[in-house]
Amino acid sequence: MRKFAAAAGIGVEIRSFSENVAEQHIIKHITDLNHEDEITGIMIQMPLPKHLNAGCLINAMDYRKDVEGIHNYNLGKLIGGEQGVAPSTPKAVMALLRENKVPVTGRKVTIIGRSVIVGTPLTILMSRENATVTLCHSRTRNLNRETSAGDIVVTAVGKPGFITPDMVTDKTVIIDAGINVDASGRICGDVHEETCSRARLVSAVPGGVGVITVAALFDNLKILHQQKGS
């Protein structure tokens, strides 16, 4: 992200905290950033330590500086179909499909993972493009049946090798939005290596959704900057 920002002439400041930091301490920092005019966008890096409430921290931000588009206000605008900042990873998924000329309209899309960062907002964006969407999660029954029925499968569960060959067909397009580190320390996605030779298309990890997500973040930053000046 720093390299991207430097190439675009954008300043980035990273504030790090200890793993056992108190929630109120972070909220205090966020509140201070809310009032700093030179700060255009704020991002909270996930995942967070379990004792921190992600929703509280996200909504402590000024929604006008929410560069990821996951503040309740911005999610509400997304649901309402209003213009604004949309969550960056779902934006990246839609861009990846568009650039690879994979049609969405009329297709059956299976999304695995219902997080507010990826799965839930992506469902809205896909529906807006006239896809028929099935949102799956940890309690979905017969997950293999749901994924095999999907023309497009988007996975964001954070489990290496989760999508196995028996879960897809030779016509399935898989968008892997999972970022994991395997036992050898290698960055990988949610898709098992053997699945890549079975599916029609599989996005790369690394070098796929993650790279475009960074670009989507800075596109959101541009939108925030424009809104600030209006």
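The values are calculated or read from the model by the stated rules, or taken from the named source; none is laboratory data. Everything quoted here is computed from the prediction, not taken from an experiment. Glycine also receives a Cβ, built like all others from the backbone with ideal geometry; neighbour counts cover every protein chain displayed. Areas reflect the complete protein model, heavy atoms only, side chains present, ligands, DNA and RNA absent. Shrake-Rupley method; radii C 1.70, N 1.55, O 1.52, S 1.80 Å.
Some notes on this structure:
- R0 of 30 Å, Cβ-Cβ distance GLU13-THR169: FRET efficiency to nearest 0.05: 0.05
- Short-range pairs are left out: with C-alpha atoms under 8 Å and at least six residues apart, the relative contact order of the chain is 17 percent.
- Within the accessible area of the chain (1.4 Å probe), percent carbon and sulfur: 52
- Largest-first ellipsoid semi-axes for the stretch 151-230, taking √(5λ) over the Cα gyration tensor eigenvalues, angstrom: 30, 15, 9
- Take every DSSP beta bridge whose two residues both sit in the stretch 143-209; close to 20 percent of them are antiparallel.
- Within the chain, percent of DSSP bridges classed antiparallel, to nearest 5: 10
- Between the stretch 1-77 and the stretch 89-132, the alpha-carbon center distance in angstrom: 25
- Normalised by the number of residues in the stretch 41-120, the average gap of Cα pairs under 8 Å and 6 or more apart makes the relative contact order 21 percent.
- Among 63-76, 156-169, the peptide with the highest mean count of other Cβ atoms within 10 Å heads the list, and the full ranking is 63-76, 156-169.
- Principal axis dimensions, the chain - Cα atoms, whole angstrom, descending: 52, 40, 36
- Surface accessible to a 1.4 Å probe, per residue, for the residues of the chain, Å²: 55
- Relative packing of 18-25, 106-113, 52-59, which averages over residues the other C-beta atoms within 10 Å, highest first: 106-113, 52-59, 18-25
- Within the chain, helix-based [θ] at 222 nm, where runs of 4 or more DSSP H residues each add -39,500 (n - 2.57), nearest 500: -10500 deg cm²/dmol
- Unit charges at the beta carbon, dipole of the chain: most positive-side option, ALA183, PHE4, ILE30: ALA183
- Rounded to 10°, Cα long-axis angle of helix 119-128 versus longest principal axis of the chain: 70
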